[in-house]
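Take a look at the structure below.
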Amino acid sequence: MKKEIETFVAEQTKALLAAPSACKEIKAAAEAWIAAVGTDGEKAATEKYIAELEADIMPIDGLIAFAGSEAGVKVFGAELAKNILAHAEEIKGAGATYCDCPACAACKAILEHKEEML
């Protein structure tokens, strides 16, 4: 991987690790990737990291469905679920394909360089 891509991915990975919305699985994959950079295990860790990024990024339609559901209300509370739903519908209308929370934004930024990482 080119140094500039590695630096970019490392910066986005740090943002992902700091995101309160990042799940434990993506954080574990991110930490494993950071630890593997420059080692013999880098390729395998990169492949696992990419797979986890792809699994965890929230498509906008999934966010809309969840925020508008009873489960979403249980997780977020009624008012926050309503606000998240309205925001998700707004950004979808503006062309978004994924959630724009800090974790998903970092996932998207990293995945845009997936081919260069492999």
**Enumeration of residues in the range 1-38 that are closer than 18 Å to A55 by Cα and aromatic (F, W, Y)** = W33
**Request:** For the range 60-72, state whether one or more residues are within 19 Å of I5 (Cα to Cα) and crowded, with 16+ Cβ neighbours inside 10 Å.
**Result:** no
**Residue check for A106: over 20 Å from E11 (Cα atoms), open to solvent by less than 60 Å² (accessible area, probe 1.4 Å) and in contact with a helix residue (DSSP H, G or I) (Cβ under 9 Å, 6 or more places away or on another chain)** = no
**In the range 14-59, residue nearest to the chain's Cα centre (by Cα) [restricted to those that are hydroxyl-bearing (S, T, Y) and closer than 21 Å to K3 by Cβ]** = Y49
**Request:** Can you work out which of the residues in the range 77-99 that are surrounded by fewer than 16 Cβ atoms within 10 Å (Cβ to Cβ) and assigned to a loop (DSSP other than H, G, I, E, B) is farthest from the chain's Cα centre (by Cα)?
**Result:** G77
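The values are calculated or read from the model by the stated rules, or taken from the named source; none is laboratory data. Everything numeric here is computed off the predicted structure, so don't read it as measured data. For neighbour counting, all protein chains shown are included, and Cβ atoms are generated from backbone atoms with ideal geometry for every residue, glycine included. Note: accessible area is taken over every heavy atom of the protein model, side chains too, but ligands, DNA and RNA are not part of it. Shrake-Rupley method; radii C 1.70, N 1.55, O 1.52, S 1.80 Å.
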